[in-house]
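The values are calculated or read from the model by the stated rules, or taken from the named source; none is laboratory data. Just so you know, these numbers come straight off a predicted model, no measurement behind them. Positions of Cβ are backbone-derived with ideal geometry, glycine not excepted, and every protein chain shown enters the neighbour counts. For accessibility, only protein heavy atoms count, side chains too; no ligands or nucleic acids. Shrake-Rupley method; radii C 1.70, N 1.55, O 1.52, S 1.80 Å.
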Amino acid sequence: KNYYGGNWASFSFSGLLSWIKEKQQKTEVSDEYEDWRKLILENEEVIFLNNSDKTIEHVEDFCFGDQDSAEDVEEAGALSKLPLFGTSGAEGAAQESEEETIPMENTLPEKTAGSDPASATGGNETEITSETGSSHNAASGESASHVGKTEAAPSENSAQEPKKITYSQIVREGRRFNIDLVSKLLYSRGLLIDLLIKSNVSRYAEFKNATRVLAFREGKVEQVPCSRADVFNSKQLTMVEKRLLMKFLTFCLEYEQHPDAYQDYESRTFAQFLGTQKLTPSLQHFILHSIAMVSQADCSTLDGLQATRKFLQCLGRYGNTPFLFPLYGQGEIPQCFCRMCAVFGGIYCLRHSVQCFVVDKESGRCKAVLDHFGQRISANYFVVEDSFLSESTCKNVCYRQISRAVLITDQSILKTDSEQQVSILRMPPVDRGQPAICVIELCSSTMTCMKDTYLVHLTCPSTKTAREDLQPVVQKLFNLNTETEKEIENEEVDKPRVLWAVYFNMRDSSGIDRSSYDRLPSNVYVCSGPDSALGNDCAVRQAETIFQEMFPTEEFCPPPPNPEDTVYDEEELASEDLGLNNAPEAKSEPSPEERSSEGGATVEPEHSEG
């Protein structure tokens, strides 16, 4: 591939257009080394790999924005000088000379999982400080746990009409877009955050808090109260509802201590259990779709209670929602691990395809791979992503699909005084038997879209093509009419306008048993692409499982040694230089002022005071 991360990658707008064209044309790469038979011994055989990516299907893109002349778009594309494929979002943004300044918000104390179900302000644990506020601890060598939560000041034009954005403007500002192929958020106490902190890979990334959890009820979008303060300041809940909600959330945190309260409903769904808890319909809706985020039809009571507890335990660690989003997009995460790997001699080769496995006939083990240059590369273990395996190897595998849509819009789905909001909305199924749809809306301070636009990701397990699965929800939330001045219905005028959209189906290869693959050598390990879940726990567990199978006595992603304590010989230094040359270019450490202007936040390990 020409880019890092496979289906976890992020692209600039121009890079995404190139990716779309490639997938629509279904171009097959013919990099086969013709004389490969000369490299194979008598007691060896080969297993060929795919020469094209078949994990993406049904790609459809649409421009709803004001159409420019062909000359305008061509001129904008030439001015942007964008690369074919997305490089690191940080690298592209570093070339911009001017950027909006986003002031730091008030800091919040951190809360550990305890008896308070939703307080983001309680407890006396470590602090969450801004980047500028944490300079004293850094200077004194203390370990601080902080995320500098940032947001834009209230916009003076929030009550005015959104600015008119043309397609040529989107192309011209294409470097400001970092568009993820897969849409996820990081749970603040999830496995990936813990791994980033433990391995010190977190130093290569910055994050922004998800600021709102939303719900769609009775035809409109509204904010769900998460923290204790949100609950009691909410105007949409009555005082009785507030007390009922807090009582139920407190129970969910310690439900295992009260089995009598739920054991009669273990064989029933979580939705049925909620109906017995004296909760109003609106509270049941909030808990089911916006807090537990589970299926109404088939989620068991225990699974629902566990999901609710996970949500509550993640509150308050870095903000008053459980979620973080990496600046410049999810594609930064695999690049961050590549940078750390390169420091210790790892090599990542772009545009370097592998043609086949070389397998010993007697032992059944893979001895080497052949690349398209005709080079034979030997190793003891081989890890391959599912999409590289040939159709003959995967003939007995039954894959699921993920429906994805990415929209560029002109305003938020829930307008407030602040334009800089990162929101998550879980849309209930439109029809019975259909999956719920996860909607994540990103603002420009996440470094994923240009100013005065929003980037909206929609994801669900597939039942049809992506457009058939997702367009009904898009039509409910957004205005697809290009001629807004001719619209009659005020309801349509109030909706955010879609400027550009793409739909596609992505293969979900998670959860496939190794035995499903045909003729897979014993020392070849298969990892899956992205799954449809909101978090990253599946990928982290899979990586650790594969590592432990290969190296059972080693620690998975251990903390790196202090560079001052590391002694290198000449060969190690040469290897390290080679690895660094093949790694994504690392970002220079920004100053506190630069971090503030970007809306960035760093994730560091927790510590106890005193």
Next item on the list: Return a yes/no flag: does the range 325-339 have any residue that is hydroxyl-bearing (Ser, Thr, Tyr) and crowded, with 19+ Cβ neighbours inside 10 Å.
Entry: yes
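Rundown of residues vs (1) farther than 21 Å from CYS226 by Cβ; (2) in contact with a helix residue (DSSP H, G or I) (Cβ under 8 Å, 6 or more places away or on another chain); (3) open to solvent by less than 10 Å² (accessible area, probe 1.4 Å); (4) assigned to a helix (DSSP H, G or I), yes/no style:
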residue	(1), (2), (3), (4)
LYS415	no, no, no, no
GLN421	no, no, no, no
GLU441	no, no, yes, no
SER445	no, yes, yes, yes
LYS451	yes, yes, no, no
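In the range 518-532, what count of residues is obtained for those that are open to solvent by 20 Å² or more (accessible area, probe 1.4 Å) and of a type in the set (Gly, Ala, Ser)?
Residues of the range 518-532 open to solvent by 20 Å² or more (accessible area, probe 1.4 Å): 518-520, 522, 525-527, 531-532.
From the residues that got through so far, the ones that are of a type in the set (Gly, Ala, Ser) too are 522, 532.
Counting residues in the range 518-532 that are open to solvent by 20 Å² or more (accessible area, probe 1.4 Å) and of a type in the set (Gly, Ala, Ser) gives 2.
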Next item on the list: For the range 45-76, enumerate the residues that are modelled with pLDDT of 90 or more, open to solvent by less than 40 Å² (accessible area, probe 1.4 Å) and out of contact with any Phe, Trp or Tyr (no Cβ under 8 Å at 6 or more places or on another chain).
Entry: THR55
Check: What number goes with the only condition from (1) in contact (Cβ under 8 Å) with a residue 24 or more places away in the chain; (2) in a loop (DSSP other than H, G, I, E, B) that THR276 does not pass?
Finding: (1)
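What residue, among those in the range 315-326 that are hydrophobic (A, V, I, L, M, F, W, C) and modelled with pLDDT of 95 or more, is farthest from GLY190 (Cα to Cα)? Talk me through it step by step, then tell me what you get.
Step one: list which residues in the range 315-326 are hydrophobic (A, V, I, L, M, F, W, C), which gives 315, 323-325.
Of the ones still in play, those that are also modelled with pLDDT of 95 or more are 323-325.
Numbers: PHE323: 9, LEU324: 10, PHE325: 13 Å.
Checked the range 315-326; the qualifying residue farthest from GLY190 (Cα to Cα) is PHE325.
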Note to self: Name the residue that is surrounded by the most Cβ atoms within 10 Å (Cβ to Cβ), counting only residues in the range 179-204 that are under 16 Å from the mean Cα position of the chain (by Cα) and small (Gly, Ala, Ser).
What the structure shows: SER183
Margin query: Would you confirm whether or not the range 265-273 contains a residue that is open to solvent by 20 Å² or more (accessible area, probe 1.4 Å), among the β-branched types (Val, Ile, Thr), touching a helix residue (DSSP H, G or I) at 6+ places or on another chain (Cβ under 8 Å) and in a loop (DSSP other than H, G, I, E, B)?
Written below: no
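The rows are residues; the columns are (1) buried (at least 18 other Cβ atoms within 10 Å of the Cβ); (2) closer than 30 Å to LYS208 by Cα; (3) over 21 Å from the mean Cα position of the chain (by Cα); (4) touching a residue at least 24 places away in the same chain (Cβ under 8 Å).
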residue	(1), (2), (3), (4)
SER387	yes, no, no, yes
LYS395	no, no, yes, yes
ARG400	no, no, no, yes
ASP431	no, no, yes, no
Next item on the list: All but one of (1) touching a residue at least 12 places away in the same chain (Cβ under 8 Å); (2) within 21 Å of VAL526 (Cα to Cα); (3) not hydroxyl-bearing (Ser, Thr, Tyr) hold for ALA368, so report the exception by its number.
Entry: (1)
Next item on the list: Consider GLU222 carefully, then state whether it is open to solvent by less than 90 Å² (accessible area, probe 1.4 Å) and either within 27 Å of the chain's Cα centre (by Cα) or over 22 Å from PHE270 (Cβ atoms) (or both).
Entry: yes
Next item on the list: Would you be able to say whether some residue in the range 207-216 is assigned to a strand (DSSP E or B) and more than 19 Å from LEU324 (Cβ to Cβ)?
Entry: yes
Margin query: Checking the condition of a type in the set (D, E, K, R) and modelled with pLDDT under 90, which residue from GLU266, GLU256 passes?
Written below: GLU266
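Out of the range 498-544, which residues are hydroxyl-bearing (Ser, Thr, Tyr) and at pLDDT 95 or above?
Let us first name the residues in the range 498-544 that are hydroxyl-bearing (Ser, Thr, Tyr), namely 503, 509-510, 515-517, 522, 525, 528, 532.
Those that are hydroxyl-bearing (Ser, Thr, Tyr) and at pLDDT 95 or above: TYR503, TYR525.
Taking the stated definitions as given, is CYS349 within 23 Å of ILE56 (Cα to Cα) and open to solvent by less than 80 Å² (accessible area, probe 1.4 Å)? Walk me through how you get there before you give the answer.
Working: within 23 Å of ILE56 (Cα to Cα): yes; open to solvent by less than 80 Å² (accessible area, probe 1.4 Å): yes.
Spelling it out, CYS349 is indeed within 23 Å of ILE56 (Cα to Cα) and open to solvent by less than 80 Å² (accessible area, probe 1.4 Å).
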Check: Failed condition for PHE207, given (1) surrounded by fewer than 20 Cβ atoms within 10 Å (Cβ to Cβ); (2) out of contact with any helix residue (DSSP H, G or I) (no Cβ under 6 Å at 6 or more places or on another chain), with all others met?
Finding: (1)
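Applying the selection to the range 453-465, what residues are open to solvent by 10 Å² or more (accessible area, probe 1.4 Å) and either assigned to a helix (DSSP H, G or I) or under 25 Å from ILE165 (Cβ atoms) (or both)?
Kept after step one, since they are open to solvent by 10 Å² or more (accessible area, probe 1.4 Å), are these residues of the range 453-465: 454, 459, 461-465.
Of everything in the range 453-465, those that are open to solvent by 10 Å² or more (accessible area, probe 1.4 Å) and either assigned to a helix (DSSP H, G or I) or under 25 Å from ILE165 (Cβ atoms) (or both) turn out to be TYR454, THR459.
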